[in-house]
Amino acid sequence: MSEGRRYSFGPFLLIPDAYKLLRDGEPICLTPKPFHMLLVLVENHGRVLEKEELIRAVWPDTFVEDGNLCVAISLLRKVFGKEHPYIKTVSKHGYRFDAEIKELPVDTKTVRPEGAALIPLDRKVIPSGIE
């Protein structure tokens, strides 16, 4: 996993370190396996990933049937909707993530809660009235 990275594609923002997927700034709830699969697909975008390769990446050291993979892919496709067909099936080979990805670095020296100004991590901030 790329530490301190964010991936933007279409209206989506994937934040691996926070285990978040946002659509137009709104969080989308994903369970761990589909989230991890999305991350593997995004980090390998444009490249065909064989089914076995995806299974090994998402379910290491576990016997998993192709059905588990299909369920996770189906869930991700529902999340993206028909207007964003990012996951392509390559018949008899695997899957490819087809989206223009923008990799955005994260400045680890600052914290930015939604709608707030940047606050350096080494600066103590105490809300007024609290001591």
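The values are calculated or read from the model by the stated rules, or taken from the named source; none is laboratory data. This is a predicted model, so every value here is computed, not measured. Positions of Cβ are backbone-derived with ideal geometry, glycine not excepted, and every protein chain shown enters the neighbour counts. The area values use the complete protein model at the heavy-atom level, side chains included, leaving out ligands, DNA and RNA. Shrake-Rupley method; radii C 1.70, N 1.55, O 1.52, S 1.80 Å.
For the structure I just gave you, tell me whether Glu43 is loosely packed, with under 12 Cβ neighbours inside 10 Å and among the charged types (D, E, K, R). Considered against the rule, which asks whether it is loosely packed, with under 12 Cβ neighbours inside 10 Å and among the charged types (D, E, K, R), Glu43 comes out as no.
Could you please find all residues in segment 50-104 being hydroxyl-bearing (Ser, Thr, Tyr) and open to solvent by 60 Å² or more (accessible area, probe 1.4 Å)? It would help to see each step written out before you state the result.
Going through segment 50-104, the residues hydroxyl-bearing (Ser, Thr, Tyr) turn out to be 62, 74, 86, 89, 91, 95.
Passing the criteria: Thr62, Thr89, Ser91.
On the basis of being surrounded by 16 or more Cβ atoms within 10 Å (Cβ to Cβ), at pLDDT 95 or above and hydrophobic (A, V, I, L, M, F, W, C), does Leu22 make the cut? So Leu22 passes the test.
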